[in-house]
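The values are calculated or read from the model by the stated rules, or taken from the named source; none is laboratory data. Just so you know, these numbers come straight off a predicted model, no measurement behind them. All Cβ positions, even for glycine, are placed from backbone atoms using ideal geometry, and neighbour counts span all protein chains on display. Calculation scope for accessible area: heavy atoms of the full protein, side chains included, ligands and nucleic acids excluded. Shrake-Rupley method; radii C 1.70, N 1.55, O 1.52, S 1.80 Å.
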Amino acid sequence: MKATPLELARNSYQPKRPRVLTTAAGLHRSDPPAPLDGGEAVRTTFPRTFDLPVVTLTPDATPAPGERRRVGVLLSGGPAPGGHNVIAGLFDGLHAEDPGSELFGFLGGPSGLLTGANKRLSRELVDEYRNTGGFDIIGSGRTKLENDSQFDRALAQAREMELTGLVIVGGDDSNTNACALAEYAAEHGSPLQVIGVPKTIDGDLKSPHIETSFGFDTACKVYAELIGNIQRDARSSLKYWHFIKLMGRSASHITLECALQTQPNVTLISEEIAAGNVELYEIVDRIAEVVCVRAEQGENFGTVLVPEGLIEFIPEMKTLIAEINDVLATSYQEFEALQTFPHKREFVAGRLSPGSTGIYRHLPREIATQLILDRDPHGNVQVARIDTENLLIEMVDVRLKEWHAAGRRVGAFSPQRHFFGYEGRCAAPSNFDADYCYALGTTAAHLLREGLTGYMAIVRQLTRPVDEWSPGGIPLARLMNMERRHGSLRPVIKKALVDLDGPAFKEYVRQRDTWAAETRYLSPGPIQYFGPPEIADRPTRTLELEASR
Ligand code: FBP
């Protein structure tokens, strides 16, 4: 592959390593964390992996004897910057243990494990991908590994390839399934050890032991650079209101972090909206109010950050979406037989509760269409594809016109819309993510060497200098709670939403009124890969604030 000058320079970057990963380290064991809600039910489902200790690597303990290993790795879900360094760290860790060890990558995510599609990862190949963004070394996918026949297939594949270790790099769902596979392997006498690695740009795979998921740092820095540039444009051109939707399927961590880095005029945090039962019209009024306050000062420009998952957190929209899903599930054939959109719209509207009917009839046509025509393979609304930023723009516009007609000074409202998501998922990892991912991969190799299974590789103390970072492992089952999925209660890793009592959210609340009325934009600029550590190695504001509490 032809490389750019920056890629060539990055290729020779040596990730900084925690001191303990540069020495012969063994394990310190401590009590597992307290179970989450439904802990007893989780214990019943995972009797072999629930009561395992938390482990921390320490030079004071003797490592298990090294051996030649054959290990598989797969990348699951959306890409996140740093995945290639997890593989590089794992590769180097396995080879440090025994130079004859071999690493195999399953192609296209979990489906590669089921079909057996894999490739041996040679040193030349791994070297080519060091410190690069993307998951393209082996590809990723969203196939779910969740039932016994898939687990049987996976264990048979591992047996055929003589693998004793499998590293699953993924988010909450993939690690839930990694835990189930580890338990299943242990129950069926398979020697396969399963280790998870916390990945997702969304930042919602997080707990007191998992300080952050990898990729969040780089993705937020990419988006914050773009927001900073847009804000400079806004205060230069003096004429646009920019509505910027940011990825994050459910949680608003990315939006909150970008707000802290760039200080926009309005930031919506889905978790706050759900907690306060804030209705759609109230959100619209709040934005319109800021538009007016700024217009009073002659500033007919501004920025609004909108989290991707917002619509499902607005109480009446959540109800509306659930009702539409029900209508289409029960009357799908009748609905499909209708020829025109107005007929389909009326068909649905006539079957909703009175409250939802009113809301649905008043939605802009484009959104109403997306709600009934854009379905996923299960027939549900594709929430992530709904143009929430457009919905807000149209509704704010209507509200300003009403206020104007009533004699209020509203200024000029000329909106622009943006969606930032895919721009950040495969960016070249920041130094933080390059170092963190390499450490996670090496840690996974250590956990395999120690004979562990059903663990997530973790690295803690991430706001300290890298040599003081603390690698270890946490039993996956201890991250689980019981949740209703497809009609029944199931153990799943708890998604970490924005903590409204946490320091990052509180810091934003402390400043938001000032940011709304005044123009206090910050321009973080592009990610710096070289230069002073206070610029090139700085972690996210979220991590900094959480470490200082
Ligand atoms: P993961 O949780 O798998 O890391 O993916 C997160 C994400 O990037 C979300 O932010 C976004 O909603 C979704 O993936 C988009 O998915 P797709 O890649 O299928 O378009």
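Let me know the shape class of the range 394-520, please: from the alpha-carbon gyration tensor, a ≥ b ≥ c as square roots of the eigenvalues, rounded when a/c is under 1.5, otherwise prolate if a/b is greater than b/c, or oblate.
Prolate, because a/c is 1.5 or more and a/b exceeds b/c.
So what's the net charge close to GLY502: Lys and Arg +1, Asp and Glu -1, counting the other residues with Cβ under 11 Å from its Cβ?
Net local charge, GLY502 excluded: -2.
How much accessible surface does LEU113 have with a 1.4 Å probe, in Å² rounded to 10?
My reading of the accessible area for LEU113 is about 0 Å².
Report, to the nearest whole %, how much of the accessible area of the range 314-420 belongs to carbon and sulfur atoms, 1.4 Å probe, protein only.
53 percent
Keeping all protein chains in position, work out how much accessible area MET482 exposes to a 1.4 Å probe, and write it in Å² to the nearest 10.
My reading of the accessible area for MET482 is about 50 Å².
Could you pull the accessible area for TRP403 with a 1.4 Å probe, rounded to 10 Å²?
Surface open to solvent at TRP403 totals about 50 Å².
May I ask for the net charge around ILE227, where only other residues with Cβ less than 14 Å from the Cβ of ILE227 are counted and Lys, Arg are +1 while Asp, Glu are -1?
+2
I need the Debye-formula profile for the range 285-416: one equal scatterer per C-alpha, no solvent, reported as log10 I(q)/I(0) at q = 0.10, 0.13, 0.16, 0.17 1/Å, two decimals.
Debye output, listed in q order: -0.40, -0.62, -0.84, -0.91.
Each label point is 7 Å from the Cα along the Cα-to-Cβ direction; what then is the distance between the points at SER414 and ALA64, in nm?
My value for the distance between the label points is 6.5 nm.
Rounded to the nearest 500 deg cm²/dmol, what is the calculated helix-only ellipticity per residue at 222 nm for the chain, with -39500 (n - 2.57) per DSSP H run of length n ≥ 4?
Details: 22 runs with 242 residues, N = 549.
Roughly -13500 deg cm²/dmol at 222 nm, from the helical runs in the chain.
If you put +1 on each Lys and Arg Cβ and -1 on each Asp and Glu Cβ, how big is the dipole of the range 1-107 around its Cα centre, in Debye rounded to 20?
Using only the charged Cβ atoms, the result is roughly 340 debye.
Could you state the number of Å between the C-alpha centres of the range 59-74 and the range 489-544?
Answer, in whole Å: 36.
Please list, ordered by chain and number, the residues whose modelled amide H lies under 5 Å from the amide H of VAL73; skip anything fewer than 5 residues away on the same chain.
Long-range HN contacts for VAL73: PHE104, GLY105, PHE106, VAL167.
Based on the Cβ-Cβ distance of HIS28 and GLU146, what FRET efficiency does E = 1/(1 + (r/R0)^6) give at R0 = 30 Å, to the nearest 0.05?
The formula returns an efficiency of 0.35 here.
Only Lys, Arg, Asp and Glu count, each charged at its Cβ (+1, +1, -1, -1), so figure out the dipole size of the range 73-173 about its Cα centre, rounded to 20 debye.
Working: 8 positive and 15 negative charges, 50 e Å.
It works out to roughly 240 debye.
Using +1 at the C-beta of Lys and Arg and -1 at the C-beta of Asp and Glu, which of PRO533, THR442, PHE216 has the Cα lying farthest in the positive direction of the dipole of the chain?
Farthest towards the positive pole: PRO533.
Give the shape of the range 213-329 as rounded, prolate or oblate, defined through the alpha-carbon gyration tensor: a ≥ b ≥ c are the square roots of its eigenvalues, a/c under 1.5 means rounded, and otherwise the shape is prolate if a/b is larger than b/c and oblate if not.
The shape class here is oblate.
Averaging over all projection directions, find the projected area of the Cα convex hull of the range 1-143 and quote it in nm² with one decimal place.
The directionally averaged projection comes out at 11.3 nm².
If you line up the Cα atoms of the chain on their principal axes, what length do they span on each, largest first, in Å?
Its Cα atoms span 80, 58, 47 Å along the three principal axes.
Just list whichever of LYS199/LYS318; LYS206/LYS506; LYS245/LYS506; LYS199/LYS245; LYS239/LYS401; LYS16/LYS495 have alpha carbons separated by over 25 Å in the model shown. It would help to have the intermediate numbers written out before the result.
Working: LYS199/LYS318 27 Å; LYS206/LYS506 18 Å; LYS245/LYS506 22 Å; LYS199/LYS245 21 Å; LYS239/LYS401 17 Å; LYS16/LYS495 30 Å.
Pairs exceeding 25 Å: LYS199/LYS318; LYS16/LYS495.
Can you spot the aspartates and glutamates whose alpha carbon is less than 15 Å from LYS144's alpha carbon? Ignore those fewer than 8 places along the same chain.
ASP152, ASP172, ASP173
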